[in-house]
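**Q** Quick one: the structure is below, questions incoming.
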Amino acid sequence: MGNEPERYTKSGQPVYKYDTTPEYQKPNSCNSAMEEIVKHFEKHIGTAKNTYHEIVSNFVHIDIHIIPPDGTRDYYTLFTTGMSDLRMSVPDGAEDFKNAELMICLPKSWPVSEKDLKDERNYWPIRWLKMLARFPHEYNTWLGFGHTMPNGDPAKPFNSNTRLCCMMLSTPTIAENIDEFKRLDVNYYKQINFYSVLPVYKEEMNFKLDNSAEDLIVKFKENNINEILNLDRINVCERRKRFLFF
């Protein structure tokens, strides 16, 4: 991602820093695939009952669609449309990943009404979906599997009720047919890849940077961690204190 990495991790992964504010660019939605994306989620996950339309947009117009819990899934599924309106600037060899959309799942107890989302304690997952969806277009870069982004430098918790403080993109797990769901062929010229946004701890992000996203995903699977947000879930990379009893 980006032009010149700030540094490299132990595993050789580049780390980039973006600290400039991009100039405003009016969105152009002539290449929108919103209808196809909504139908794709309807086929594989469920029907979106609410959509939060963006009022002021920069680079791309990002909407958040919300699929409520049902008899099969006891959680909300939130997904973006608009990120794929523009192609991302991918490196050589990653041409199949120019277009993307994002998703996250919230527990059924999560407040999602318009009034509730005026409270940042409830809104931050949506804020991050929108921010991440716009980010590659603002900074002429790309986002794909395994990419991570901290909440500030140094990373701070997303909210006072959790220690989760970074985001990582991963392959979705909640659809019955993942291989069919994770990529949508809109037409010959446009293919959209779908990524789950996973809130992670600082130690988990550092583990990923020192090893690989695949290694971290293995730890998640071992602990039944997926894209359904759990504010106080186990930290799979935290060193446990050992106590000796006599």
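The values are calculated or read from the model by the stated rules, or taken from the named source; none is laboratory data. As the structure is a computational prediction, the values presented were derived from the model and not from experiment. Glycine gets a Cβ as well: all are built from the backbone with ideal geometry, and neighbour counts include every protein chain shown. Ligands, DNA and RNA are excluded from the accessible area calculation, which covers all protein heavy atoms including side chains. Shrake-Rupley method; radii C 1.70, N 1.55, O 1.52, S 1.80 Å.
**Q** Select, from ARG233, ARG239, the only residue that is among the basic types (Lys, Arg), modelled with pLDDT of 95 or more and not in a helix (DSSP H, G or I).
**A** Answer to the selection: ARG233.
**Q** Could you please give the count of residues in region 153-185 that are open to solvent by 40 Å² or more (accessible area, probe 1.4 Å) and of a type in the set (Gly, Ala, Ser)?
**A** Residues that pass the stated criteria total 1.
**Q** Would you call SER113 outside any helix (DSSP H, G or I), of a type in the set (Ser, Thr, Tyr), modelled with pLDDT under 95 and open to solvent by 30 Å² or more (accessible area, probe 1.4 Å)? Working first, answer last.
**A** Details: outside any helix (DSSP H, G or I): yes; of a type in the set (Ser, Thr, Tyr): yes; modelled with pLDDT under 95: yes; open to solvent by 30 Å² or more (accessible area, probe 1.4 Å): yes.
So SER113 passes the test.
**Q** Ok, one more. Looking at THR77, THR47 in this structure, which one is touching a residue at least 40 places away in the same chain (Cβ under 8 Å) and either open to solvent by less than 30 Å² (accessible area, probe 1.4 Å) or touching a strand residue (DSSP E or B) at 6+ places or on another chain (Cβ under 9 Å) (or both)? Don't jump to the end; show me each part of the working.
**A** Working: THR47 fails: touching a residue at least 40 places away in the same chain (Cβ under 8 Å).
Every option except THR77 fails the conditions.
**Q** Can you tell me how many residues within region 170-189 are part of a strand (DSSP E or B) and either among the aliphatic types (A, V, I, L, M) or more than 14 Å from the chain's Cα centre (by Cα) (or both)?
**A** 5
**Q** Please go through region 118-169 and give me each residue that is part of a loop (DSSP other than H, G, I, E, B) and within 21 Å of ASN193 (Cα to Cα), ordered by number.
**A** TYR139, ASN140, THR141, TRP142, LEU143, GLY144, PHE145, GLY146, HIS147
**Q** Only one residue in ILE192, ILE225, ILE217 is buried (at least 19 other Cβ atoms within 10 Å of the Cβ) and assigned to a loop (DSSP other than H, G, I, E, B). Which one? Please lay out each step first, then the result.
**A** Working: ILE192 fails: assigned to a loop (DSSP other than H, G, I, E, B); ILE217 fails: assigned to a loop (DSSP other than H, G, I, E, B).
From the options ILE192, ILE225, ILE217, the qualifying one is ILE225.
**Q** Could I ask something else about it? If only one of TYR139, TYR76 is closer than 27 Å to GLY152 by Cβ, aromatic (Phe, Trp, Tyr) and at pLDDT below 95, which one is it?
**A** Unique residue meeting the criteria: TYR139.
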